[in-house]
1. Scanning the range 168-201 for residues that are surrounded by 15 or more Cβ atoms within 10 Å (Cβ to Cβ) and part of a helix (DSSP H, G or I), which turns out farthest from the chain's Cα centre (by Cα)?
2. Taking into account only those residues within the range 151-160 that are in contact (Cβ under 8 Å) with a residue 12 or more places away in the chain and assigned to a helix (DSSP H, G or I), which is nearest to residue 80 (Cα to Cα)?
3. When you scan the range 112-139, how many residues do you find that are in a helix (DSSP H, G or I), within 14 Å of the ligand (Cβ to nearest atom) and exposed (fewer than 14 other Cβ atoms within 10 Å of the Cβ)?
4. Residue check: is residue 163 free of Cβ contacts under 8 Å to residues at least 24 places away in the same chain and in contact with a helix residue (DSSP H, G or I) (Cβ under 9 Å, 6 or more places away or on another chain)?
5. Just give me the residues in the range 204-222 being away from the ligand (no atom under 14 Å from the Cβ), in contact with a helix residue (DSSP H, G or I) (Cβ under 9 Å, 6 or more places away or on another chain) and not in a loop (DSSP other than H, G, I, E, B), in sequence order.
6. Taking the criterion of being at pLDDT below 95 and within 13 Å of the ligand (Cβ to nearest atom), would at least one residue in the range 140-151 satisfy it?
Ligand SMILES: C[S@@+](CC[C@H](N)C(=O)[O-])C[C@H]1O[C@@H](n2cnc3c(N)ncnc32)[C@H](O)[C@@H]1O
């Protein structure tokens, strides 16, 4: 693998997991070599590969749970769309009059998200960034939206949830949807790693310092492009920072 500075790294791949929505590689770093010594494959962002092509992998319509929370959204609210992918949710939020910052680490997704915003005639502040190395800010947002952001393993998820809480203004809202472990039976989207999935107890504990306005596990059919299609084990959270 060649990193962004052109240095070569050699990895020993231990395990590869594939889900309908994710590919995970567990690898050990072996060497850090002089540039040009190693000739290996460049490991691409798996999301760039998934988003390649004309079609929007999760469609261009907003997530159904997000749409049901429309009454909580007011024009002028400052909103962060976390790992917003090809922009279907960020663009819809901007159409509701919110001031939206949409962050994702896929270059391909970013270009498609920008095209969608242009097509719909809305302005969104898109940012290409790894959210684990990004300045989330403190008390910056009225709303943080996290729709299917289960790329994060438990330790990373804990950090991300802490940053979400910090980045919300007092009174700010978190709208989060993910899959529960039962999704591993449905196999209609989401990561194949059970530890990345959410349960009610986990989210209640993670956001114990917020007012939980709505928390529900439910099985429902969703149709969100090729990426999420069919009966799904979902969990929805609406929480307010005191
Ligand atoms: C399941 S997709 C969901 C996309 C979008 N929220 C939606 O519902 O259409 C997960 C997204 O997380 C992004 N992602 C994964 N790791 C990331 C990271 N460390 N920082 C920023 N984005 C990340 C991927 O590029 C991908 O777009």
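The values are calculated or read from the model by the stated rules, or taken from the named source; none is laboratory data. On a predicted model such as this, the values are computed, not experimentally measured, just so you know. As a convention, Cβ positions derive from the backbone with ideal geometry for all residues, glycine included, and neighbour counts pool all protein chains shown.
1. So the residue we want is 186.
2. Per the criteria, the residue is 160.
3. So the answer is 2.
4. no
5. Going residue by residue through the range 204-222, those that are away from the ligand (no atom under 14 Å from the Cβ) are 204-221.
Adding the requirement that they be in contact with a helix residue (DSSP H, G or I) (Cβ under 9 Å, 6 or more places away or on another chain) leaves 206-207, 209-210, 212-213, 215-217, 219-220.
Listed by number, the residues that qualify are 206, 212, 213, 215, 216, 217, 219, 220.
6. Step one: of the range 140-151, the residues at pLDDT below 95 are 151.
Cutting the leftovers down to within 13 Å of the ligand (Cβ to nearest atom) gives us 151.
Within the range 140-151 (the criterion being at pLDDT below 95 and within 13 Å of the ligand (Cβ to nearest atom)), the answer is yes, since at least one residue qualifies.
Okay, residues lined up against (1) closer than 30 Å to residue 170 by Cβ; (2) modelled with pLDDT of 95 or more:
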position: 184; (1), (2): no, yes
position: 192; (1), (2): no, no
position: 204; (1), (2): yes, yes
position: 211; (1), (2): yes, yes
position: 216; (1), (2): yes, yes
position: 224; (1), (2): no, no
position: 229; (1), (2): no, no
